[in-house]
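Just below is one structure, and these are the notes that go with it.
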Amino acid sequence: MSLAELRAEASKCQFCGFCEYACPTYKTMRMRHFGPRGRINLIKNFDGELSEAAYIGIMTCLVCRACDVQCPAGIKIAEVIHDFKAYILEGKIYKNKR
Amino acid sequence: MSIEWISQLREIVVDSLEKSWLPFPLKEDLCEGWKKDLQAGPSSTILYTSCMYHIAPVIEKAVENLEKFGVTKGGVMTRLAAVGTKALGGFLLRPDEAEVKRADGIVRRIYELLRRAGVEFGLLDREIYSGALLYELGLVDDFARYARRAAEYFKKRGVRRIITVDPHTQHVLEKIYPKYVEGFDIEVVSYLDLIKPGGVSINGFAIHDSCLYARFLGKYERIRQLLAAGNPVEDPYITGKDTAGCCGGPIESTFPGVAKQIAKTRVRELAKLSRKVVVQCPICYVNLKRASEGEVELYHMAEVLL
Ligand code: SF4
Ligand code: SF4
């Protein structure tokens, strides 16, 4: 997905938090940016910069899909986070290499 | 971990794949020993390990070290070199001999289960890695380049059908290769769908599902069917298809500390059901083992199927 598509998908979030129920990183770390709701909203509000904490939150997603089925808005949460990781790495790693 | 960390890890993986078709500096024949005396015969169907069972213990050892000492000034390379052995032009990572033997045993067992079920297949002259790690880390461009090379490798050998032995390889070949490799039309099947075991050697264990098998590849029910004779202990949340927890494996090489905490959470959950846990993935196996500290005994699925 392109960044615009990722943002559009993330914008469907209604902040209900149902997705946090089964998220292994949220269960373990107990901080919102380590859970699907936090990650999705970081992506929704992304303006080109990520704080260190936000970066760690995104990068620690396991892409395990335990959140997807819980989401009443039908957001493909795991896929959105995976593709956002790829977007971040694309900017930070590849641009310097080419 | 910082971007520098991922950047260095990327360099190691891309460079190793370029030189040896394996994602880390490893002995070239590490994933070949299990084939000794087995019938390799030419066939358009191959049993393909992607070296996963042999690489997993290497990652375990490297991660342990990374976790203990963190990144040094010299970065990931220096840290890995410290656990490797010196070799011409660099270093080689070496898993413990016992782990290599166990990996050999598991893959040979899968070979036997398939032969016994009457499946016809050959073996590759040399195992190569699938590239799954690059995709999972989010290094999509590198993955795409490598996947095209690997697809060519299969094509040159006349491969039309691949039998996989782990969830990461099944997922990346079945779902991701067709998106990135034009014209990729090799059929990809899991050994789980082909074997006909005659029972299970242990009883009353808990099943730790691979997220990929359960939620991406639709194998949750099939795994239960195969293990039913061993009366697994189930729980609607802990071993439920939608809610079963991940082992932490996908971030073990980037955030080993967080990965270990997640694995500990998972071990605690599983231990509530049984002290015996059956896994289906070599990455789950090493992650849970690292966190378990003897709290649970881990078995690989192929080791308990009769
Ligand atoms: S895919 Fe990521 S956000 Fe969703 S449950 Fe798994 S770790 Fe949590
Ligand atoms: S379940 Fe879906 S809509 Fe609700 S907070 Fe999570 S991502 Fe947003």
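The values are calculated or read from the model by the stated rules, or taken from the named source; none is laboratory data. Keep in mind that what you see is a predicted model, and the values were worked out from it rather than measured. Glycine gets a Cβ as well: all are built from the backbone with ideal geometry, and neighbour counts include every protein chain shown.
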Apart from one, (1) within 25 Å of residue B:137 (Cβ to Cβ); (2) at pLDDT 90 or above; (3) not in a helix (DSSP H, G or I) all hold for residue B:72; the odd one out is (2)
Within segment B:133-148, the residues that are in a helix (DSSP H, G or I) and under 23 Å from residue B:4 (Cβ atoms) are B:133, B:134, B:135, B:136, B:137, B:140, B:141, B:142, B:143, B:145, B:146
Out of A:86, A:73, report the one residue that is within 12 Å of chain B (Cβ to nearest Cβ) and of a type in the set (Gly, Ala, Ser).
A:86
Counting only helices (runs of 4 or more DSSP H) wholly inside segment B:191-306, the ones holding at least 3 residues that are more than 14 Å from chain A (Cβ to nearest Cβ), over 30 Å from residue A:60 (Cβ atoms) and at pLDDT 95 or above are B:220-227, B:301-304
Can you tell me which condition residue B:177 does not meet? The list is (1) in a helix (DSSP H, G or I); (2) within 14 Å of another protein chain (Cβ to nearest Cβ); (3) buried (at least 17 other Cβ atoms within 10 Å of the Cβ), and all the others hold.
(2)
Specify the residue that is nearest to the other protein chains (Cβ to nearest Cβ); the eligible residues are those in segment A:57-69 that are crowded, with 19+ Cβ neighbours inside 10 Å and more than 8 Å from ligand 1 (Cβ to nearest atom).
A:59
May I ask you to list pairs of residues, at least six apart or on different chains, whose Cβ atoms are under 8 Å apart, with the first in segment B:124-138 being within 10 Å of another protein chain (Cβ to nearest Cβ) and the second being in a loop (DSSP other than H, G, I, E, B) and small (Gly, Ala, Ser)?
B:137/B:253
What helices (runs of 4 or more DSSP H) completely inside segment A:1-87 contain at least 3 residues that are within 14 Å of ligand 2 (Cβ to nearest atom)?
A:3-10, A:36-44
Of all residues in segment A:1-46, how many are closer than 24 Å to residue B:141 by Cβ and within 9 Å of ligand 1 (Cβ to nearest atom)?
1
Odd one out for residue A:53, checked against (1) more than 11 Å from chain B (Cβ to nearest Cβ); (2) under 10 Å from the mean Cα position of the chain (by Cα):
(2)
